[in-house]
Protein chains: 2
Amino acid sequence: MADIVPVHDPADPRIADFVRLRDVELRKSLEAEHGLFIAEGEKVIRRAVATGYPVRALLLTAKWLEPMRDLLDAVTAPAYLVADEVMEGITGFTVHRGALASMARKPLPSVPDLLAGLRPAVPGDPAPPPGVPAGLRPGPPPRRVVVLEDLVDHGNVGAIFRCAAALGVDAIVLSPRCADPLYRRAIKVSMGAVFAIPYARMTDWYHGLALLRDACFRTLALTPDQTVTPIDKVALTDRVALLLGSEGDGLSSRWLSEADERVCIPMSRDAMRMGVDSLNVVAAAAIACHGLVR
Amino acid sequence: MADIVPVHDPADPRIADFVRLRDVELRKSLEAEHGLFIAEGEKVIRRAVATGYPVRALLLTAKWLEPMRDLLDAVTAPAYLVADEVMEGITGFTVHRGALASMARKPLPSVPDLLAGLRPAVPGDPAPPPGVPAGLRPGPPPRRVVVLEDLVDHGNVGAIFRCAAALGVDAIVLSPRCADPLYRRAIKVSMGAVFAIPYARMTDWYHGLALLRDACFRTLALTPDQTVTPIDKVALTDRVALLLGSEGDGLSSRWLSEADERVCIPMSRDAMRMGVDSLNVVAAAAIACHGLVR
């Protein structure tokens, strides 16, 4: 059962996990250093707990004690109880959802492990077979994968996780510089989908696509170029990975040229003449994921 | 040629069009009352001017005088020149794009006129044939139309205009309570697509769909219900209108039951089991528009 601990001073060191949530640079280094992330709001906290992320600490206003009683009974981490203005003093803004949890990250699979079907263990999983890395469990190998190259906006990453999970993409691979899916804003925009779809992060961008080839994935590079194969016309073989590029520049020339095939979303010629010549990355990802799982 | 008029006082009545741009309620009533809207940034201003919206006034910082010289030479409206801090004092925030224009709205076609192919005149259009309402011109009647029911978020409306225009939807119909596509944020998110795709607003929600039937449109209602026809499988006849519902509740039961057919985007059963049971409205609109124009 969680200890309920009233806290009155925003500078109290016990609540250091929760400081200045809008300071992106501070949060990035603090969260990486301590291997933590912040879940915001009752629903998201419950989903993170249900998928086995350990709670380090909770930060709540009084009105959340009753609705979250069962969860407080089930965890051993401390629950810091604060007034609205102390909450604001700690986090740097008005937390509308009134409940925050600092959670410990779980080990991510490597890209080859992810593509072989290994994923983070969830509560209720049986003991792992011999040889499986700690914290992972074997599952069916993914057949439809999305690969994000250098998407730096947390909202876009979260929105693409939501689309990919909802449409039935099996796994996501991130390039080394992609934004963190467990950053607060990414989790929020994803509506918790970051907990539902397994993912891994490449350690090397330059040789990244080799890992997909080694796992027998055919790679499709999405491009605005209207002379290539439309996404709905491409032949879908057993294992297919869709490559999506960054917000401004799209895919790098290296990944574009290394991919097995280039694919596009057909656009209106009239619209292009009137200067509307692109979709935003989330809309493009939604259409392309839908084409990938058809 | 525009008169360049230095202004030093944020309360100067000559710049009243530009006050408190983040005050949504104030702006809604002010813009409706004066029949104006605000275009933000050089690119958007140029696109609005190119599609024939009359400039009422410009508000610029000094660094924009040179890049926009040709535009200033071409318009007769006054250009108010202000320092950065005066700009901020007027508008209520830091205008990163440093140039604003207050533009007069053009008459919108009625829904029946829009569905008959009438659209707002643009510069260079020939004189209208007899009987065409003022400010409109005849064009090819639309065959693929999107109808938005009560989408209240300006960003979502702008994003859907961008998708619809880029993918080749011919026109958009708004329910009476939909957010204004010419609101500053909607224009910005649409990347100017609100100037590229013709639209009209219903005056009556209850009998709104009758206007589509009268124009021989088959109406498809998008719903999360997974037992109905998938959007990619639906038969596309000559004139088809896709109905999209509001952010929270989706389509009203009246429109759902009145539509000719219900359509869905197929979702992953696994994801639904894990609580990821929906797409956001823009992702859903993107996939559905793509299905509509295939």
Filtered residues of segment B:111-147 (kept if farther than 21 Å from B:ASP180 by Cα and hydrophobic (A, V, I, L, M, F, W, C)):
B:ALA116, B:ALA127, B:VAL132, B:ALA134
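Inspect all residues belonging to segment B:155-162 and state whether any of them is basic (Lys, Arg) and under 11 Å from the mean Cα position of the chain (by Cα). Spell out the reasoning first.
Initial filter on segment B:155-162 (basic (Lys, Arg)): B:162.
Retained after the next criterion (residues that are under 11 Å from the mean Cα position of the chain (by Cα)): B:162.
Scanning segment B:155-162 turns up at least one residue that is basic (Lys, Arg) and under 11 Å from the mean Cα position of the chain (by Cα).
Hey, among the residues in segment B:152-168 that are among the hydrophobic types (A, V, I, L, M, F, W, C) and within 11 Å of chain A (Cβ to nearest Cβ), which one's farthest from B:ARG184 (Cα to Cα)? Quick ask: steps written out before the conclusion?
So in segment B:152-168, the residues among the hydrophobic types (A, V, I, L, M, F, W, C) come out as B:152, B:157, B:159-161, B:163-167.
Right, trim to within 11 Å of chain A (Cβ to nearest Cβ) and you get B:159-161, B:163-167.
Numbers: B:ALA159: 13, B:ILE160: 15, B:PHE161: 14, B:CYS163: 18, B:ALA164: 19, B:ALA165: 18, B:ALA166: 20, B:LEU167: 23 Å.
Among them, the one singled out is B:LEU167.
Here's the yes/no breakdown for (1) crowded, with 19+ Cβ neighbours inside 10 Å; (2) at pLDDT below 95; (3) of a type in the set (Val, Ile, Thr); (4) assigned by TED's automatic domain parsing to the domain that holds A:ALA16:
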| site | (1), (2), (3), (4) |
| --- | --- |
| A:LEU59 | yes, no, no, yes |
| A:ALA62 | no, yes, no, yes |
| A:ASP70 | no, no, no, yes |
| A:ALA74 | no, yes, no, yes |
| A:ASP84 | no, yes, no, yes |
| A:MET87 | yes, yes, no, yes |
| A:THR91 | yes, yes, yes, yes |
| A:THR94 | no, yes, yes, yes |
| A:ARG97 | no, yes, no, yes |
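Taking the residues in segment A:165-204 that are assigned to a helix (DSSP H, G or I) and not small (Gly, Ala, Ser) as candidates, determine which candidate is nearest to A:VAL293 (Cα to Cα).
Pass one, segment A:165-204, residues assigned to a helix (DSSP H, G or I): A:165-167, A:184-189, A:193-195.
Next cut, not small (Gly, Ala, Ser) only: A:167, A:184-185, A:187-189, A:194-195.
On the way: A:LEU167: 7, A:ARG184: 28, A:ARG185: 27, A:ILE187: 23, A:LYS188: 25, A:VAL189: 22, A:VAL194: 19, A:PHE195: 20 Å.
Only one residue tops the list, namely A:LEU167.
Could you tell me whether segment A:222-231 includes any residue that is in contact with a Leu (Cβ under 6 Å, 6 or more places away or on another chain) and buried (at least 19 other Cβ atoms within 10 Å of the Cβ)? Let's see the steps before the verdict.
Going through segment A:222-231, the residues in contact with a Leu (Cβ under 6 Å, 6 or more places away or on another chain) turn out to be A:222.
Filter once more, so that each one left must be buried (at least 19 other Cβ atoms within 10 Å of the Cβ): A:222.
Yes: one or more hits.
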Could we say that B:LEU114 is more than 24 Å from B:LEU26 (Cα to Cα), within 17 Å of the chain's Cα centre (by Cα) and either surrounded by 14 or more Cβ atoms within 10 Å (Cβ to Cβ) or not assigned by TED's automatic domain parsing to the domain that holds B:ARG46 (or both) here?
yes
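Name the residue, out of B:ALA193, B:ALA283, that is without any contact (Cβ under 8 Å) to a residue 12 or more places away in the chain, out of contact with any Ser or Thr (no Cβ under 9 Å at 6 or more places or on another chain) and either among the charged types (D, E, K, R) or surrounded by 15 or more Cβ atoms within 10 Å (Cβ to Cβ) (or both).
Working: B:ALA193 fails: without any contact (Cβ under 8 Å) to a residue 12 or more places away in the chain.
Just one listed residue meets the conditions, B:ALA283.
Picking from B:LEU222, B:LEU182, B:LEU211, which residue would you name as being more than 14 Å from chain A (Cβ to nearest Cβ) and closer than 27 Å to A:VAL282 by Cα? Step through it out loud before you land on a result.
Numbers: B:LEU222 fails: more than 14 Å from chain A (Cβ to nearest Cβ); B:LEU211 fails: closer than 27 Å to A:VAL282 by Cα.
Being more than 14 Å from chain A (Cβ to nearest Cβ) and closer than 27 Å to A:VAL282 by Cα holds for just one of B:LEU222, B:LEU182, B:LEU211, which is B:LEU182.
Taking A:PRO140 as the residue in question, decide whether it is out of contact with any helix residue (DSSP H, G or I) (no Cβ under 9 Å at 6 or more places or on another chain), part of a loop (DSSP other than H, G, I, E, B), more than 30 Å from A:GLU40 (Cα to Cα) and within 11 Å of another protein chain (Cβ to nearest Cβ). Explain how you work it out, then say what you get.
Values: out of contact with any helix residue (DSSP H, G or I) (no Cβ under 9 Å at 6 or more places or on another chain): yes; part of a loop (DSSP other than H, G, I, E, B): yes; more than 30 Å from A:GLU40 (Cα to Cα): yes; within 11 Å of another protein chain (Cβ to nearest Cβ): yes.
Yes: the conditions hold for A:PRO140.
Please pick out the residue among A:PRO109, A:PRO128, A:PRO141, A:PRO123 that is closer than 25 Å to A:PHE217 by Cβ and at pLDDT below 95. Reasoning before the result, please.
Working: A:PRO109 fails: at pLDDT below 95; A:PRO141 fails: at pLDDT below 95; A:PRO123 fails: closer than 25 Å to A:PHE217 by Cβ.
The conditions single out A:PRO128.
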State whether the residues of segment B:163-183 include one that is polar (S, T, N, Q), out of contact with any Pro (no Cβ under 7 Å at 6 or more places or on another chain) and touching a residue at least 60 places away in the same chain (Cβ under 8 Å).
no
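Specify the residue that is farthest from the other protein chains (Cβ to nearest Cβ); the eligible residues are those in segment B:248-294 that are among the β-branched types (Val, Ile, Thr) and closer than 22 Å to A:GLY192 by Cα.
From segment B:248-294, those among the β-branched types (Val, Ile, Thr) are B:263, B:265, B:276, B:281-282, B:287, B:293; that's our starting set.
If we keep only those that are closer than 22 Å to A:GLY192 by Cα too, we end up with B:265, B:276, B:281-282, B:287.
Details: B:ILE265: 7, B:VAL276: 4, B:VAL281: 11, B:VAL282: 6, B:ILE287: 5 Å.
Going through the qualifying residues, I end up with B:VAL281.
Which one is farthest from the other protein chains (Cβ to nearest Cβ) among residues in segment B:185-208 that are aliphatic (A, V, I, L, M) and under 20 Å from B:VAL281 (Cβ atoms)?
First, pick out the residues of segment B:185-208 that are aliphatic (A, V, I, L, M): B:186-187, B:189, B:191, B:193-194, B:196-197, B:200, B:202.
Of the ones still in play, those that are also under 20 Å from B:VAL281 (Cβ atoms) are B:186-187, B:189, B:191, B:193-194, B:197, B:202.
Working: B:ALA186: 14, B:ILE187: 13, B:VAL189: 8, B:MET191: 7, B:ALA193: 5, B:VAL194: 10, B:ILE197: 8, B:MET202: 24 Å.
Only one residue tops the list, namely B:MET202.
The values are calculated or read from the model by the stated rules, or taken from the named source; none is laboratory data. The structure presented is a predicted model; accordingly, all values stated were derived computationally and were not measured. Here the Cβ is made from the backbone with ideal geometry for all residues, glycine too, and neighbour counts use every protein chain on show.
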